[in-house]
1. What does the charge count around Thr82 come to, taking other residues whose C-beta lies under 12 Å from its C-beta (Lys +1, Arg +1, Asp -1, Glu -1)?
2. Across region 32-45, in residue order, what do the Karplus-derived ³J(HN,Hα) couplings come to in whole Hz, using 6.51 cos²θ - 1.76 cosθ + 1.60 with θ = phi - 60° and x for Gly and Pro?
3. Of the beta bridges DSSP finds with both residues in region 51-127, what % are antiparallel, to the nearest 5?
4. Could you tell me whether region 31-127 comes out rounded, prolate or oblate from its Cα gyration tensor? Rule is a ≥ b ≥ c as square roots of the eigenvalues, rounded for a/c under 1.5, then prolate if a/b exceeds b/c, otherwise oblate.
5. If you plug each phi of region 75-81 into the Karplus form 6.51 cos²θ - 1.76 cosθ + 1.60 with θ = phi - 60°, what whole-Hz ³J(HN,Hα) values come out, in order, with x for Gly and Pro?
Amino acid sequence: HSIPNIAKNSDIKWEYHIKKIIDKNSLTFATSRSHSDSNTQEFIDRNNGKVIKVGSSLKFLLIAEGLCDFYPRFSPTMIWDTAAGHSVLKEAGGLVTNLNDNSLTYSSNKLLNPSFIARSQAYDLLI
C-alpha cells in the first residue's frame, strides 16, 4: 500500500474550529491517559469538569475540533510532546499558555516545558 500525497491535492482542505460558545457548567478537560497528577485533578475538580483521557497530542486536537475545552498539564512534558499539537491548535484559534497566561514558547536551549493550559480563546484562564 502506498500513502497518497495529499499535499499535492488542492481539493483537500483541513479545517479546525474551536468552540465559540461558553458553557461554564459543562466544561470538558482533556487529560493524559498515562500521566496523571494531583494538581491536574484538583484543577478539574475545582471547575466541575468532565474528563476525556487520551494520549499524545490528541488533547490539543480535541480542542481544535471543538470537542474539548481545556488541556491542563501540570506534570512534565518536553517540547517534542507539544509543539505540533500547539501549532494545530494555534491555527484553529486556540491558545497554549503557561500559568502566568504567557504564550508557551519553544527553544532548543530549554527542552522541558513549564506547566501549561491549552484552551479556546473564548475562555478566560481558570486559575
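Each value in this text was obtained by applying a stated rule to the coordinates, not by laboratory testing. Being a predicted model, the structure only gives us computed values, none of them experimental. For neighbour counting, all protein chains shown are included, and Cβ atoms are generated from backbone atoms with ideal geometry for every residue, glycine included.
1. Values: positive: Lys59, Arg73, Lys90; negative: Asp81.
Residues near Thr82 contribute +2 overall.
2. 6, 5, 10, 10, 9, 8, 5, 5, 5, 5, 4, 4, 5, 4
3. Working: 12 of 12 bridges.
If I count the DSSP bridges inside region 51-127, around 100 percent turn out antiparallel.
4. Details: a/c = 1.36, a/b = 1.18, b/c = 1.15.
Note, shape of region 31-127 comes out rounded.
5. 9, x, 9, 10, 4, 6, 7
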